[in-house]
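Visitor: I am attaching a structure below and will ask some questions about it afterwards.
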Amino acid sequence: MSGVTPIVIVDYGMGNLRSVEKALASVGGAPVISGDGEAVLQSRGLILPGVGAFGDAMTNLKTRGLDGAIRTAVGRGVPLLGLCLGLQLLFTESEEFGRHRGLGLIPGRVRKFQVQGLPVPHVGWNQVERVRADPLLDQIAEGTYFYFVHSYFVEPDSDMDCLCRTDYGGFFCSVARRENVWGAQFHPEKSQEAGKQLLRNFLAISG
């Protein structure tokens with residue numbers, strides 16, 4: 001489509017934007033980092049990265065008018081991929097440092113790990129077990145390891161919104177999807193070839 005921006009990495013002041021940009025470029029993408037709502041609306045695919053606290057992230061998105069732009073773009077059918085905190089922001093609410101409303105694109109909540117005998121945050125390589133097939137997971141083998149850094153996890157209201165799960169003192173949803181909205185709890189930009197394949201798949205989804 002004429003005038004459509006390539007993949008936009010949403011800049012709301014939190015996240016490892018450059019490493020995500022480099023990872024996408026390494027698999028043939030031409031991403032644009034932007035905090036402009038109009039760029040979000042004109043994109044053919046959105047990536048919402050994030051590192052930090054849920055409440056601060058939502059405040060930043062709202063202050064910049066990006067929350068509404070993201071919801072509008074998704075409503076038009078633009079594919080969206082949330083990464084780490086970006087996944088969590090897709091959900092209805094989080095219990096991180098109080099109660100905070102999220103983007104509400106996937107019904108459910110964000111909860112803190114309560115695990116016996118395991119450190120929190122969950123940091124390092126862990127396996128991802130597929131719950132159902134999806135284009136985002138094409139050519140990624142069952143039980144592949146990805147790199148995680150997080151203290152909170154997502155809990156979708158519907159099991160149908162969970163694509164993959166990971167065991168850390170019990171299973172949690174590590175990849176979620178509802179319609180044209182996807183999210184991964186791990187960092188594909190830190191997950192070597194497996195992460196690159198996931199990003200290739202998202203580029204293919206985004207056309």
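Visitor: With the requirement that a residue be closer than 18 Å to Gly52 by Cα and either over 11 Å from the mean Cα position of the chain (by Cα) or assigned to a loop (DSSP other than H, G, I, E, B) (or both), what does segment 62-91 give you?
Guide: Lys62, Thr63, Arg64, Leu66, Asp67, Cys84, Leu90
Visitor: Residue under question is Ile70, and the condition is that it be open to solvent by 10 Å² or more (accessible area, probe 1.4 Å) and modelled with pLDDT of 95 or more; does it hold?
Guide: no
Visitor: Using beta carbons and a limit of 8 Å, which pairs, at least six apart or on different chains, have the first residue in segment 54-75 and touching a residue at least 40 places away in the same chain (Cβ under 8 Å) and on the phi > 0 side of the Ramachandran plot and the second one among the charged types (D, E, K, R) and assigned to a helix (DSSP H, G or I)?
Guide: Listed by first residue and then by second, the contacts come to nothing, as the list is empty.
Visitor: Let me ask something additional. With (1) on the phi > 0 side of the Ramachandran plot; (2) free of Cβ contacts under 8 Å to residues at least 40 places away in the same chain; (3) in contact with a Leu (Cβ under 7 Å, 6 or more places away or on another chain) as the list, and Arg132 as the residue in question, which single condition is left unmet?
Guide: So Arg132 meets the others, but not (1).
Results for (1) modelled with pLDDT of 95 or more; (2) open to solvent by less than 20 Å² (accessible area, probe 1.4 Å); (3) basic (Lys, Arg); (4) not in a helix (DSSP H, G or I), shown as yes or no for each residue.
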position	(1), (2), (3), (4)
Gly3	no, no, no, yes
Ile9	yes, yes, no, yes
Gly15	no, no, no, yes
Glu21	yes, no, no, no
Leu24	yes, yes, no, no
Gly28	no, no, no, yes
Val40	yes, yes, no, no
Ile47	yes, yes, no, yes
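Visitor: When the residues of segment 145-186 are narrowed to those that are of a type in the set (S, T, N, Q) and surrounded by 22 or more Cβ atoms within 10 Å (Cβ to Cβ), which ends up farthest from Leu81 (Cα to Cα)?
Guide: To start, the set of residues in segment 145-186 that are of a type in the set (S, T, N, Q) comprises 151, 158, 166, 174, 180, 185.
Subset that is surrounded by 22 or more Cβ atoms within 10 Å (Cβ to Cβ): 174, 185.
Numbers: Ser174: 13, Gln185: 11 Å.
Here the residue is Ser174.
Visitor: If you go through segment 88-96 one residue at a time, do you hit one that is of a type in the set (Gly, Ala, Ser) and within 18 Å of Gly169 (Cβ to Cβ)? Explain how you work it out, then say what you get.
Guide: At the first step, the residues of segment 88-96 found to be of a type in the set (Gly, Ala, Ser) are 94.
Now drop any that are not within 18 Å of Gly169 (Cβ to Cβ), which leaves none.
Looking for residues that are of a type in the set (Gly, Ala, Ser) and within 18 Å of Gly169 (Cβ to Cβ), one finds none in segment 88-96, hence no.
Visitor: Let me ask you something else. When you scan segment 137-157, how many residues do you find that are under 21 Å from Gly55 (Cβ atoms) and among the polar types (S, T, N, Q)?
Guide: Of the residues in that region, 1 qualify.
Visitor: Condition (residue is open to solvent by 60 Å² or more (accessible area, probe 1.4 Å), over 21 Å from Ile33 (Cβ atoms) and not basic (Lys, Arg)) applied to segment 87-95: is it met by at least one residue?
Guide: Filtering segment 87-95 down to residues open to solvent by 60 Å² or more (accessible area, probe 1.4 Å) leaves none.
No - not one qualifying residue is present in segment 87-95.
The values are calculated or read from the model by the stated rules, or taken from the named source; none is laboratory data. Please read these numbers as outputs of a predicted model, since none were measured by experiment. Reconstructed Cβ throughout: ideal geometry from the backbone, glycine too, with neighbour counts over all protein chains shown. Areas reflect the complete protein model, heavy atoms only, side chains present, ligands, DNA and RNA absent. Shrake-Rupley method; radii C 1.70, N 1.55, O 1.52, S 1.80 Å.
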